[in-house]
1. Hey, can you rank 251-258, 240-247 by average C-beta count inside 10 Å, highest first?
2. What does the convex hull of the Cα atoms come to per residue for the range 341-430, in Å³?
3. Please report, as a whole percent, how much of the solvent-accessible surface of the range 51-119 comes from carbon and sulfur atoms (probe radius 1.4 Å).
4. Run down the lysines and flag those whose C-alpha is under 24 Å from the C-alpha of residue 413, throwing out any fewer than 8 positions away in its chain.
5. Multiply the residue separation of residue 424 and residue 224 by 0.36 nm, subtract the distance between their alpha-carbon atoms, and state the gained length in nm to one decimal.
6. How big is the Cα convex hull of the range 306-352 in projection, averaged over all directions, in nm²?
7. As a test of reading the structure, rank 385, 24 by solvent-accessible area (1.4 Å probe, protein chains only), most first.
8. For the range 224-350, what D do you get in µm² per second when you plug the Kirkwood radius from alpha-carbon pairs into Stokes-Einstein at 10 °C and 1.306 mPa s?
Amino acid sequence: MSMDIDDAPISIAPAQGVEGTTATIFCCDCGAPIDGTTAIDAKCYDCFKLTKDISQGIQREATLHFCRDCDRWLQPPSSWVNAQPESRELLALCLKKLSLNRTRIIDASFIWTEPHSRRIRVKLVVQAAVADDRVMQQALEVVYVVAYQQCPECAKSYTANVWRASVQVRQKVLHKRTFLYLEQLILKHGAHRETINIKEAKDGIDFFFSARNQAEKFVDFLNSVVPVRVKKSQELISQDTHTSKKSYKFTFSVELIPICKDDLVALPISLAKQIGNISPLAICYRVGTSINVLDPNTLQTADISAPVYWRSPFAALADAQDLVEFIVMDCEPIGPTRGKWILAETQLARASDLGVNDKVYFARTHLGGLLHAGDSVMGFMLTGTNFNNPQLEAIEASHTYSSRIPDVVVVKKHYPNRRRNRRRQWRVKRMARDEGELLPKKADQERMDAEFESFLRDIEEDEEFRQGVQLYKDPKKKRQQDEMSMVTTDDGEDDAPHVDMNELLEDFDELTMEEQQ
C-alpha cells in the first residue's frame with residue numbers, strides 16, 4: 001500500500017553528464033571537487049545528507065487505539081472508524097498521528113509485521129526545504145503500537161441499564177409458534193444487529209437499544225412482517241435546568257395478534273360479512289402482515305388486517321394443542337380447486353376409536369389432492385366439545401350458520417410413521433438472549449422442546465412457510481452419517497416430507513480448515 005502525494009522531488013545532487021559545470025571548491029569533509037555556487041555549507045550532496053536530518057521532530061513511535069469488540073479504530077478526538085488491515089483508511093489514520101514540522105510526505109507504505117505482534121510499521125518518505133531553492137528528501141520508519149480500548153457503544157452493551165429505548169414484543173397465547181417464526185424472520189433480515197441486549201420475558205421478548213431511532217426502525221420492521229399493535233411511552237430520566245435539555249427513556253409496546261397458524265377461529269358474524277361474506281368458522285392458514293383465513297367447506301379465503309382485527313378482536317376457538325388424529329376411511333374430490341387446494345369429501349374415524357367403535361364422521365376438506373384412504377390427518381373435534389366462546393354461541397344461535405357447523409374440521413395431513421429422533425441434515429439459528437430469572441423448569445423445558453420440534457415439522461411440510469426461514473447445513477449430522485454403516489434398517493417407512501439439500505445454506509461462521517486424508 002503506497003500513497004503518492006507530490007511530484008518527483010528536486011534533487012540537490014550534482015547533475016551527471018551535464019557540461020558547463022566547473023568545480024570551484026573542494027568539499028570540506030571528503031575533499032571532492034564541487035561547484036561552490038550551488039553547494040550548501042561547502043559540502044557535497046553525499047556529505048550533506050549525512051549531517052542534515054530533516055525528519056527531526058517527527059516521532060518514531062505512536063499509539064493506535066483499537067476496540068476488539070466491534071473492530072473499530074479511534075480517530076481523535078472521539079470518533080471510531082472501520083478500517084481493514086493495510087487499507088487506505090488505516091494508513092490515513094496513521095499519518096494523522098504524526099506532526100510533520102514543515103516537512104511534506106512524498107510516499108507512505110506498510111511494512112509487513114506479524115499479525116499478533118500488535119505493531120504496525122509504516123515507511124515514510126518526507127521532503128523539506130534546506131535552502132532557498134533547494135529541497136531534500138529522506139526515508140524513515142514509524143512504529144505504531146496497537147493498544148486495546150473499548151469504545152463507548154461496546155461499553156454500554158456490557159453495562160446494565162444503559163439502554164435508551166426498548167421494544168417489548170408480546171403475544172398472549174399458550175405456545176410460541178409465532179415467536180419462533182418471528183425469530184427466524186429477524187435473523188434472516190438482521191433486524192437485531194443494533195440491539196445491546198435481548199431478554200426473555202413473560203409472554204414475549206424484550207429488545208433493548210442505545211438510541212430511539214434504532215427502536216423505531218425495529219418497530220417498523222415488525223409492522224412489515226407481522227400484524228401488530230404498537231403503543232409508545234416515555235420516562236423522564238434527567239433534566240438540565242440551565243439549558244433545558246432533557247433525557248428520556250422510550251418504551252414501545254408491540255402486541256401481536258393472538259391468532260397463529262392452524263388455529264380454528266370463530267369470527268364475529270358482522271366481521272365475516274364485512275370481509276367477503278365468508279363463513280364465520282374458518283382456519284387460519286397463514287400469518288403475514290395480516291391474518292389469512294380459509295373456509296374448508298367452500299375454499300373461500302379472506303384477509304384480516306391488524307386495524308380491522310383490533311376494532312373487533314376475537315380469540316382463537318382452538319389451537320394446535322387441541323388437534324386430534326383421525327384416519328381417512330375414504331376421500332372423494334368434488335371438483336372446486338383453488339391453487340394447491342382441492343375440495344373433497346372425506347369419511348374420518350378417530351384414531352383412538354379404532355377397535356373400540358365404528359363411529360365415522362363426514363367432513364369437507366381442502367386437502368383433496370393429498371389425502372387417500374388410510375392416511376392420517378390432524379383436525380379439531382367439534383362434536384361433543386364444549387367451548388366457552390361468545391362468537392361460537394352467536395353462530396349456533398344464528399339461523400343462517402347454525403346448520404353449517406361441521407363435526408370435524410380437518411387442518412393438515414399427519415405422518416405417524418415419521419421417525420421420532422431422525423437425523424436432520426439441516427438446522428436453524430437461534431438468537432442469543434438473556435433468560436434472566438425466567439429459567440425454565442423441567443416440565444416447561446419439555447414443552448418448549450415439543451413446540452420447537454413442531455415448528456421444525458412445519459418447515460418440512462410447508463414450502464411456503466419455509467420461504468421465511470434460512471436453513472443451514474449441519475456439518476455435525478453429516479459427519480455422523482458418514483461414519484455410520486449403510487446397512488442400517490428401519491422398522492417403518494418414513495414417508496414424511498424432507499427438505500431438499502439444494503435449499504440449504506452454508507454457515508460461514510462455523511467453517512473450519514480440515515486436512516484432506
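1. 251-258, 240-247
2. 198 Å³
3. Carbon plus sulfur share of accessible area: 46 percent.
4. Once the sequence-local lysines are set aside, what remains near residue 413 is 176, 261, 340, 359.
5. Fully extending the segment from residue 424 to residue 224 adds 68.9 nm.
6. 5.7 nm²
7. From most accessible down to least: 24, 385.
8. 89 µm²/s
The values are calculated or read from the model by the stated rules, or taken from the named source; none is laboratory data. On a predicted model such as this, the values are computed, not experimentally measured, just so you know. For neighbour counting, all protein chains shown are included, and Cβ atoms are generated from backbone atoms with ideal geometry for every residue, glycine included. Areas reflect the complete protein model, heavy atoms only, side chains present, ligands, DNA and RNA absent. Shrake-Rupley method; radii C 1.70, N 1.55, O 1.52, S 1.80 Å.
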